[in-house]
1. Pop out the carbon and sulfur fraction of the accessible area of region 16-93 as a percent, whole number, probe 1.4 Å.
2. Rank by packing, highest mean first: peptides 57-68, 40-51, with packing defined as the count of other Cβ atoms within 10 Å averaged across residues.
3. Around residue 63, under 12 Å between beta carbons, what's the net of Lys plus Arg minus Asp minus Glu among the other residues?
4. Defining a contact as two alpha carbons under 8 Å apart and six or more residues distant in sequence, what relative contact order in percent does region 16-56 show?
Amino acid sequence: MIRFALVFLCLCHSAQAETSLKHNGTFVWQHKARWFGGWSGIDVGAQGSLFTAVSDRGRIVQGALAREAGRLTGIEIRNSAQLTRANGGRLSK
């Protein structure tokens, strides 16, 4: 099983609209699928509950982030697909 540790940061805004980052916890994301791991990027929605991630292996994953008292407690994969060429062919390395 591949293990992937994600450190999620909470983007906080002050009254003057200055931006700062605050560590909000560490979560180890694990999944048994052979394609899992090697994450190149993650985009977390403005509300902090939905995400889209892309892997080094050309997989895009969308899902939901479960939180309790603002801390990440779980990740649910809702959609996963292999990226392909416009003609449907496999991407090459």
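1. C and S atoms contribute 47 percent here.
2. Highest-to-lowest ranking by the protection proxy: 57-68, 40-51.
3. Residues near residue 63 contribute -1 overall.
4. 30 percent
The values are calculated or read from the model by the stated rules, or taken from the named source; none is laboratory data. What you see is a predicted model, and the numbers here were worked out from it, not measured in a lab. Reconstructed Cβ throughout: ideal geometry from the backbone, glycine too, with neighbour counts over all protein chains shown. Note: accessible area is taken over every heavy atom of the protein model, side chains too, but ligands, DNA and RNA are not part of it. Shrake-Rupley method; radii C 1.70, N 1.55, O 1.52, S 1.80 Å.
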